[in-house]
Protein chains: 4
Amino acid sequence: MRTAQVLRLSMAHPGDLSELDRLITSGTLAAADVVAIIGKTEGNGGVNDFTRGYFTQTLMGLLSRHLGRPSEQLIREIPCVLSGGTEGVMSPHYHVFCISDAEAPVIRFPTALAIGTAFSAPVAAEDVGRRAHVESVAAAVREAIANAGIDRLDDVHFVQVKCPCVTVARASAAIAAGKTPLTNDPNKSMAFARAAGAFGAALALDEIKPDDFDDASLLSDFSIQSPRASISSGVEVECNEVVVLGNGENWGGDLRIAHRPMGDALDIGGIVDVLADLGIAASPQVSPEDAARIACVLVKCEPDRRGKIRGSRHTMLDDTDINAQRHIRGAVAGLVAGVIGDGRIFVSGGAEHQGPDGGGLIAVIASQTRG
Amino acid sequence: MRTAQVLRLSMAHPGDLSELDRLITSGTLAAADVVAIIGKTEGNGGVNDFTRGYFTQTLMGLLSRHLGRPSEQLIREIPCVLSGGTEGVMSPHYHVFCISDAEAPVIRFPTALAIGTAFSAPVAAEDVGRRAHVESVAAAVREAIANAGIDRLDDVHFVQVKCPCVTVARASAAIAAGKTPLTNDPNKSMAFARAAGAFGAALALDEIKPDDFDDASLLSDFSIQSPRASISSGVEVECNEVVVLGNGENWGGDLRIAHRPMGDALDIGGIVDVLADLGIAASPQVSPEDAARIACVLVKCEPDRRGKIRGSRHTMLDDTDINAQRHIRGAVAGLVAGVIGDGRIFVSGGAEHQGPDGGGLIAVIASQTRG
Amino acid sequence: MRTAQVLRLSMAHPGDLSELDRLITSGTLAAADVVAIIGKTEGNGGVNDFTRGYFTQTLMGLLSRHLGRPSEQLIREIPCVLSGGTEGVMSPHYHVFCISDAEAPVIRFPTALAIGTAFSAPVAAEDVGRRAHVESVAAAVREAIANAGIDRLDDVHFVQVKCPCVTVARASAAIAAGKTPLTNDPNKSMAFARAAGAFGAALALDEIKPDDFDDASLLSDFSIQSPRASISSGVEVECNEVVVLGNGENWGGDLRIAHRPMGDALDIGGIVDVLADLGIAASPQVSPEDAARIACVLVKCEPDRRGKIRGSRHTMLDDTDINAQRHIRGAVAGLVAGVIGDGRIFVSGGAEHQGPDGGGLIAVIASQTRG
Amino acid sequence: MRTAQVLRLSMAHPGDLSELDRLITSGTLAAADVVAIIGKTEGNGGVNDFTRGYFTQTLMGLLSRHLGRPSEQLIREIPCVLSGGTEGVMSPHYHVFCISDAEAPVIRFPTALAIGTAFSAPVAAEDVGRRAHVESVAAAVREAIANAGIDRLDDVHFVQVKCPCVTVARASAAIAAGKTPLTNDPNKSMAFARAAGAFGAALALDEIKPDDFDDASLLSDFSIQSPRASISSGVEVECNEVVVLGNGENWGGDLRIAHRPMGDALDIGGIVDVLADLGIAASPQVSPEDAARIACVLVKCEPDRRGKIRGSRHTMLDDTDINAQRHIRGAVAGLVAGVIGDGRIFVSGGAEHQGPDGGGLIAVIASQTRG
């Protein structure tokens, strides 16, 4: 019986995977069980954030050594989804998602955490942020759901997609080849790529239909959104990498996942509710005992593009010194970490079409076993 | 009978005091009643934050027009304490503290918000961050307490001090004059100035004695702290400006102030507790009715200088791109705003010796009249 | 006979106009002679750069005191063109352009510096960056040329325009009123506003014809450009402010202006050539004697949007930490200041359509009298 | 006969060493001949610049594959000195220094480029920036000079040292172990480390004597300096890595090195002079033919700590948004690249005690064979 496990490990710098190395070397973890990584590195989360590439290179080198297989293969099999930017109280960390074939446990829960992954073909620079990109993501998400053995789409709680974007260099190459990329502004390209990822996830989850949108809907019709889609974008990937997390009947283990939309950046209610879904109280903070049950906190958020939060002007979009995504990640992470009592949370900006407009979403994985 | 009033006004940019202008012009507010301003502008909060000077110039020009007195006088009478930096969800705003002589109200509370202000003499560049600076602050705080007519030091809940710091230019001038400023690094100077302000407040509040410290204690012995001291520092002031807020028996009005230390940047408990002190529940968020009772939220915070929060490494102090104070303000404001449900909060970094080491403090002013 | 004078003054901070105040107070300069200001303040040069508003408020207050006329009038008569951002070796300074009616000088030069100014009507948010904006600029430039009494367009060497842009707040207001602003991204809006200004200047200078472009040409057809157009954009203005500088036959004084395009950010040749046009050698640096003849150095530059300079990749456009305009200003200022031997130079980014694509332009005003 | 070669290669990102890989794979370059790397990556050059570690990991992995030896050994044998920060017109690139045993060439120059390298033992956190650090550097420099076979110290033209610094984490560990690091401010620590490196180089070059300084001289007595010392500091190294470059009689090849101090950030004369030393004219720019002779340009520079350049205030040290080192690198690189006509130049900040106070130095390697 397949059993999902999630390890939350810290790092001293983006190339430091020594904790994972120790666990594998000591036999605690089998390198072959690792199926996906979701982590936060301390870069700027922007176009020139190379901490993600550094981490990925280090991870693949490490697994390559332990598995005796080339990095070039592993990188096409194991999604490594990193969000740069540990603004404020966030602490750099990574979640190692593992699947092992364990015997049926003594205590069996009706459902337990299910994991599925998939990779799309590479996305051409001129397709980034357009329907072809959306459909490429949707197909990969469907494949990942199938891999997870989840039958009901309602049991899917989190769809992580890492999308490629267009750098100035890639855009120039495409233009030279007679293609027309959507934009040659890398930050803009990252936003369109995230939109395409969200539309793709929503399509695969039956939240929207193919006729509900066209190219112009991306970054424009914000009524189209999925509260289960979490999209990152970066210069270091060329195809869409997908990780689907849900609760499955055919899975062992004691972990369970829940999710909630966040209405805006002040929606502490969404945070408390998702914890309540997992039987965890926050009054006002999760107790140390319950905090120990939490394996993973995943958040998407967004600086409200209308320039106001609950009627008050914010300054995130008008700031030439600090990128707006860095602002919002720091703020929402401050709120979530304060409720959880822990800075090892994955809070990712760029939540266009991922949860309500101006808000985002939160998913939490926790043990079903009470202390 | 003296009555204290606090208006919270928004601004479109740091030179926009149109809301205050309208209130005075319409007769809602008497310009002569304005005794202090505490606000947050959208600068970077650092040495080259000129939004504070811009706001102050505009304010003094406005009051000068309404009062028919020169700006140069008013700036020496009305403390204008601004903290730059509205990172994340914070919204630029300013609190106008007013004192009017109203008749005794029908509903009289045992105590009500009391306000006192004072100005020290200018602090020489070479004194900044040293004992002479501490004593200068302490004397001004004592004077402000006396002005507020507060007899018991326990009734003081918030001491705001704006201290001068040393720019490269000021340091050079002092050195040319044969003096030895503590440092010629402006960011460092601002930190020492804040430390001197906190020691001065603690001294005036009898929290520490003159023999408890020497020059070397500043920015070094963090067991010395006051949970009621809130210190800003900036290039635009040359003397210490003090605003004391407390609850007084001889004051009318229905406002009341409370404060709590914050143990660290994740201390949501401190926030909930200070609200409870004022009879306001946050479960998890303050209701819109109770939020309407809140006139002012004042917070100090600090990136933990030991590099960790609850055992997890943070990256604020190692970031060459974003100043650590900008990081922590954004994070703590995210937490406080999420509990309050409002981004119009004063969250100021640089909390050295202001509340517990690695934490800070929160003070809230709210109406005692329930809706 | 009209005589133009240019004073280059330093400032200790963006609200410091004490040098100008001293000159007026001492009678060296008549306040009524001031017709325009062009300066560099130490903000970030972006949407949230309030140093320009701060400077302008201070300037208008100062002139108002000396002239006994309200600031609100003066601000509509005296263009105050400020570029934020003194990256690297640049020193904050401002040029005061004055016109006095002096007697014909003993030594009369065939032509001498001529100055003309003009203001357009306010530009609506939805017009910013479109043809209506271009035509508004062109009309104002023509008016300024006429004011300068310059008959031949070839004698115009520098056209400075300050254009309004659209902030998130202005865009929201326009959308609420049923209008469609070009963009609600403030940095993008500033770029379109600068493009409109350059097209307007080119139109007025007969460098392009009305049929040579349409709305889509802006920020797209970079073969359209003027090597004499210098455009700034900022949140603090609502109409186009124009200053035209050229050489006129009916002007006294010993100043003269010259300009050259800069082919790219490494075009030291353009710098040396414009100095040679004025009889000043740089081998490799201007001598102190000749440097004393230089009254004003005005430069526009741009991070090459194709991502390369002379075949080598640059990283300015891919940097999420530092705005690309700050990068290029710092670099080009380093080059120009090194040749001139002085950091008091006006180097402004955002040179879209102002000089060759990827380059920009340089204009220098110097005395015709050799030491 | 030993022959030194210098290849200047470009990179698409900090982990891209594909150009080097191609050269080795094609047999153009023998991996075993690589003795040192000096390069510029596109990080921020600060404490959290991980582009250097990423590059180094990639380089060592590449050489490991080609040489069949473990990375862990190579990293202790081949100095890999990277300066983060390609502000402005700089282009990310790296110089590969190679030594091959070639037959005596037909055309033999009296002297030719000589290269020597050395590694010190690890420097303890509490030693960083103190005399023990200075002496550790000096010993390593002497060893590298000996390795280069340079007999006269005058023939040494450039000493590159990469020094370890103290992060918050390292400082905390040292304090926990009862040690007293000089500072726990990482940016400060990097500055002290660079000072120690410069003192060490000056000591080894007989420019100063052991009695000429004590611990308090570092970052304090700026009359102590070496115009041949170029020091970097970073979190990713634990010992001092040294590369010495000079001209040796027993070396083949046609390269030659020269150096000049730079008096300040505007010292274009120093740049023109060092080129003249190599028989290259810049009037005002190096011709394409001569530019092709230039193999390597190495520059150190510094924001003048007194806040002024040639009497005019600069704002680099008062900027809370952009690190002062990023400012100065961008400015000086703009000047040097403009003279050379190429952005592939190594310009490194943090020039404390490296060249004149407020200035720095420049070294150039060029072919002695005219086109």
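The values are calculated or read from the model by the stated rules, or taken from the named source; none is laboratory data. This structure is a prediction, so every number in the text was calculated from the model and none was measured. In this analysis, Cβ positions are derived from the backbone assuming ideal geometry, glycine residues included, and neighbour counts consider all displayed protein chains. Just so you know, the surface numbers come from the protein's heavy atoms only, side chains and all, with ligands and any DNA or RNA stripped out. Shrake-Rupley method; radii C 1.70, N 1.55, O 1.52, S 1.80 Å.
Computed with a 1.4 angstrom probe on protein heavy atoms, the B-D interface buries about 1600 square angstrom of accessible area in total. Counting every alpha-carbon pair across the protein assembly as shown, the share separated by more than 46 Å comes to 41%.
Taking every protein chain into account, the accessible area of the range A:1-103 amounts to 32 square angstrom per residue (probe 1.4 Å).
One quarter of the convex hull surface built on the alpha carbon atoms of the range C:113-243 amounts to 7.4 nm², the projected area averaged over directions. Of the beta bridges in chain A, as assigned by DSSP with both residues counted there, near 75 percent are antiparallel. Among the residues of C:49-56, the average count of other protein chain beta-carbon atoms within 10 Å of the residue beta-carbon is 5. In the assembly of identical copies, B:Ala132 has its label point, taken 7 Å from Cα in the direction of the beta carbon, separated from the corresponding points by 3.8, 6.2, 7.3 nm (ascending, one decimal). Ignoring ligands, DNA and RNA, please state the percent of accessible area on the range B:53-140 from carbon and sulfur, probe 1.4 Å. The nonpolar share, carbon plus sulfur, comes to 55 percent.
Shown is the FRET efficiency for A:Ala132 and D:Asp214, computed with R0 = 41 Å from the Cβ-Cβ distance and rounded to the nearest 0.05: 0.05. The DSSP beta bridges internal to the protein assembly as shown are antiparallel in roughly 75% of cases. Accessible surface computed residue by residue for the range B:113-243, with neighbouring protein chains in place and a 1.4 Å probe, gives 35 Å² per residue.
With θ taken as phi - 60° and the Karplus curve 6.51 cos²θ - 1.76 cosθ + 1.60 applied, the whole-hertz 3J(HN,Hα) list for the range C:330-344 is x, 5, 5, 5, x, 6, 5, 5, x, 6, 7, x, 7, x, 8 Hz, x standing for glycine and proline. What separates the A:Gly269 label point from its copies, with the point 7 Å along Cα to Cβ, is 2.7, 6.7, 7.2 nm, written shortest first.
Scanning residues 5 or more positions from D:Ile78 or on other chains, none has an amide H under 5 Å from its amide H, with H placed 1.01 Å from N in the peptide plane. First compute the accessible area of the range C:224-288 with a 1.4 Å probe, then give the percent of it belonging to carbon and sulfur atoms. Here it works out to 46 percent.
Highest GNM mean-square fluctuation among A:Val272, A:Val106, A:Val34, for chain A modelled with Cα contacts below 10 Å: A:Val106.
Could you tell me which of rounded, prolate or oblate describes the range D:202-335, using a ≥ b ≥ c as the square roots of the eigenvalues of the alpha-carbon gyration tensor, with rounded for a/c under 1.5 and, failing that, prolate when a/b is larger than b/c and oblate otherwise?
Note, shape of the range D:202-335 comes out oblate.
Within 10 Å of the Cβ of each residue in B:170-178, the mean number of Cβ atoms contributed by other protein chains is 1. Here's how it looks for A:Val35: its modeled amide H is under 5 Å from those of A:Phe97, A:Cys98, A:Ile99, which are all 5 or more places away or on a different chain. Within 10 Å of the Cβ of each residue in D:11-20, the mean number of Cβ atoms contributed by other protein chains is 3. In whole angstrom, chain B maps to an equivalent ellipsoid with semi-axes of 29, 24, 21, each derived as √(5λ) from the alpha carbon gyration tensor and ordered largest first. Go through the range D:311-325 and flag every residue whose accessible area shrinks by 10 Å² or more with all protein chains in place compared to the isolated chain (probe 1.4 Å). Relative to the lone chain, where solvent access is computed with a 1.4 Å probe, the range D:311-325 loses at least 10 Å² at D:Ser312, D:Arg313, D:His314, D:Thr315, D:Met316, D:Leu317, D:Asp318, D:Asp319, D:Thr320, D:Asp321, D:Ile322, D:Asn323.
Dimensions of the range A:1-103 from C-alpha coordinates, computed as largest minus smallest value along each principal axis and given longest first, are 42, 29, 22 Å.
Each residue of the range D:258-274 was assigned a 3J(HN,Hα) from its phi angle through the Karplus expression (A = 6.51, B = -1.76, C = 1.60, θ = phi - 60°), giving 9, 9, 8, x, 10, x, 7, 6, 9, 7, 5, x, x, 5, 5, 5, 5 Hz with x at Gly and Pro.
Would you mind getting the accessible area per residue of the range D:255-371, heavy atoms of the protein chains only, 1.4 Å probe, in Å²? All intermediate terms of the calculation are to be shown ahead of the outcome.
Values: 3010 Å² over 117 residues.
Computed with neighbouring chains in place, this is 26 Å² per residue.
Distant-in-sequence amide contacts of C:Ser232, defined by a placed amide H-H separation under 5 Å and a gap of 5 or more residues or a different chain, comprise C:Val161, C:Lys162, C:Cys163.
Pairs spanning more than 19 Å between alpha-carbon atoms, out of D:Lys209/D:Lys300; A:Lys162/A:Lys188; A:Lys40/A:Lys300; C:Lys162/C:Lys300; A:Lys162/C:Lys308: D:Lys209/D:Lys300; A:Lys162/C:Lys308.
At an R0 of 35 angstrom, the distance between the Cβ atoms of C:Asp206 and C:Ala173 translates into a FRET efficiency of 0.45. Packing around the peptides B:60-73, D:278-291, C:256-269, B:321-334, taken as the average count of other Cβ atoms within 10 Å per residue, puts them in this order, highest first: B:321-334, C:256-269, D:278-291, B:60-73.
Residue-wise HN-Hα couplings along the range C:21-30, as the Karplus relation 6.51 cos²θ - 1.76 cosθ + 1.60 with θ = phi - 60° gives them from phi, are 4, 4, 5, 6, 4, 7, x, 5, 10, 8 Hz; Gly and Pro carry x. Check cross-link reach from C:Lys179 to the lysines: straight Cα distance under 17 Å, and skip same-chain residues fewer than eight apart. The qualifying lysines are none; the list is empty.
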